[in-house]
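This report concerns only the one structure given below.
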């Protein structure tokens, strides 16, 4: 049984990705915990900005992920010139995409600000929002180098850079939010400045490593050029991947907008619960990233059966991890929110939401891993449709129906999210088995 987990192959690849992903979540948690010390309104403002900026951000992350399976396949085929060309064209695509993301986030904030949100929360949010969306540009440049290295099977270097960058972010948070040493207290704006500086550092260092590593391949680099054909192939995988994340995160973002109409206390509780739930989700996306790398390389080397077994093993690992985190969330539901605030109303509301989070842990993890392994097959169109139906057609309307129409409040909104995640997990897992049965038929 334990052999089916393929520990020795999956863990070395997945662990650095998971640690790097968790580093981003720790930074988000640090923002919430530190800003939470300023009061309920600043914490609610961070929640509102996070819900707005997360939508274009995950689109950009998904778009950047299109590079990984293509580099992995090129590496499996030993086609290094193609890998370099993919990197160069992906970087160009990511820079232009970051500008689009910045504009989209600002327009989205204007729309959301007219949906009945508390005015004091809107006013507190504006400058912080501007700082966060500017940080998209260095972050997308960082992702080009990160996804290239991961496609080559090097997940440790991006992990180290992410961790140091996130620790820098947390350190700068403490200096700039509260005004330690000779710095003045910037409050919520300090958290935004810290994010920009940390992401610039990450972009510089990942590219320093990429260029240093590839210095011996200068002749190959000279043979690479910008190509519309390559950009189009990156978009063909990256765009649906980005939309997959947008559909899921939009459902969670919309939940914040809906809950925001219930008051600052409910919104602050939602921010705490979503922060905690994001920890396990990010871990599952690490398994998905490992699936993208392993399956892409194995299919490039024409090893279809090994690729299928690799995918199954990652589902087993995800099921185990998410069961454990679900038990922890339920057991510690009254304790964990107290790290963020001492407001008893907010703690009680967040505790109730963690009960729902307990039940959708497995679904959330399986759908995240399934998207990753399917991306390794370069199967992105049908999974995108599944994500759209699960979150936009099913979860979003149910959020309003349960939360507002039936008066269940934030608890009802989270029930709707659990339903969408479960439907997505079932359909995406079935899709994985269907695609490999097709590959098996082709090879017979």
Test: residue in the range 431-444 that is assigned to a loop (DSSP other than H, G, I, E, B) and either within 18 Å of residue 246 (Cβ to Cβ) or touching a residue at least 40 places away in the same chain (Cβ under 8 Å) (or both): yes
If residue 407 meets every condition in (1) in a helix (DSSP H, G or I); (2) out of contact with any helix residue (DSSP H, G or I) (no Cβ under 9 Å at 6 or more places or on another chain) apart from one, which number is that one? (1)
Can you pull out every residue in the range 74-87 that is closer than 14 Å to residue 227 by Cα and either modelled with pLDDT of 90 or more or buried (at least 20 other Cβ atoms within 10 Å of the Cβ) (or both)? 83, 84, 85, 86, 87
Checklist (1) over 21 Å from residue 142 (Cα atoms); (2) at pLDDT below 85; (3) surrounded by fewer than 22 Cβ atoms within 10 Å (Cβ to Cβ) applied to residue 25, failing item: (1)
Give the residue that is surrounded by the most Cβ atoms within 10 Å (Cβ to Cβ), with candidates limited to residues of the range 409-443 that are modelled with pLDDT under 90 and within 24 Å of residue 252 (Cα to Cα). 410
Selection from the range 360-404 of residues that are in a helix (DSSP H, G or I) and free of Cβ contacts under 8 Å to residues at least 60 places away in the same chain: 382, 385, 386, 389, 393, 394, 397, 398, 401, 402
Taking the options 289, 256, 269, 273, name whichever one is in a helix (DSSP H, G or I), modelled with pLDDT under 85 and closer than 30 Å to residue 349 by Cα. 256
What is the one condition in (1) surrounded by fewer than 24 Cβ atoms within 10 Å (Cβ to Cβ); (2) over 25 Å from residue 235 (Cα atoms) that residue 149 does not satisfy? (2)
Of everything in the range 292-340, what is outside any helix (DSSP H, G or I), surrounded by 15 or more Cβ atoms within 10 Å (Cβ to Cβ) and under 25 Å from the mean Cα position of the chain (by Cα)? Give them in sequence order. 333, 340
Candidates 189, 177, 196 - the one that is within 30 Å of residue 86 (Cα to Cα), in a helix (DSSP H, G or I) and touching a residue at least 60 places away in the same chain (Cβ under 8 Å): 196
For residue 175, which of the numbered conditions (1) surrounded by fewer than 21 Cβ atoms within 10 Å (Cβ to Cβ); (2) within 23 Å of the chain's Cα centre (by Cα); (3) under 18 Å from residue 26 (Cβ atoms) fails to hold? (2)
Just need a number here: residues in the range 103-140 that are under 19 Å from residue 65 (Cα atoms) and either without any contact (Cβ under 8 Å) to a residue 24 or more places away in the chain or assigned to a helix (DSSP H, G or I) (or both). 5
Have a look at 328, 276, 299 and point out the one that is more than 24 Å from residue 390 (Cβ to Cβ) and touching a residue at least 12 places away in the same chain (Cβ under 8 Å). 299
Any residue at all in the range 386-398 that is surrounded by fewer than 20 Cβ atoms within 10 Å (Cβ to Cβ) and within 27 Å of residue 295 (Cα to Cα)? yes
Evaluate the range 373-385: report whether one residue or more is surrounded by fewer than 16 Cβ atoms within 10 Å (Cβ to Cβ), closer than 22 Å to residue 235 by Cα and in contact with a helix residue (DSSP H, G or I) (Cβ under 7 Å, 6 or more places away or on another chain). yes
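The values are calculated or read from the model by the stated rules, or taken from the named source; none is laboratory data. What you see is a predicted model; the values in this text were computed from it and never measured. We place every Cβ from the backbone using ideal geometry, glycine too, and count neighbours over all the protein chains shown.
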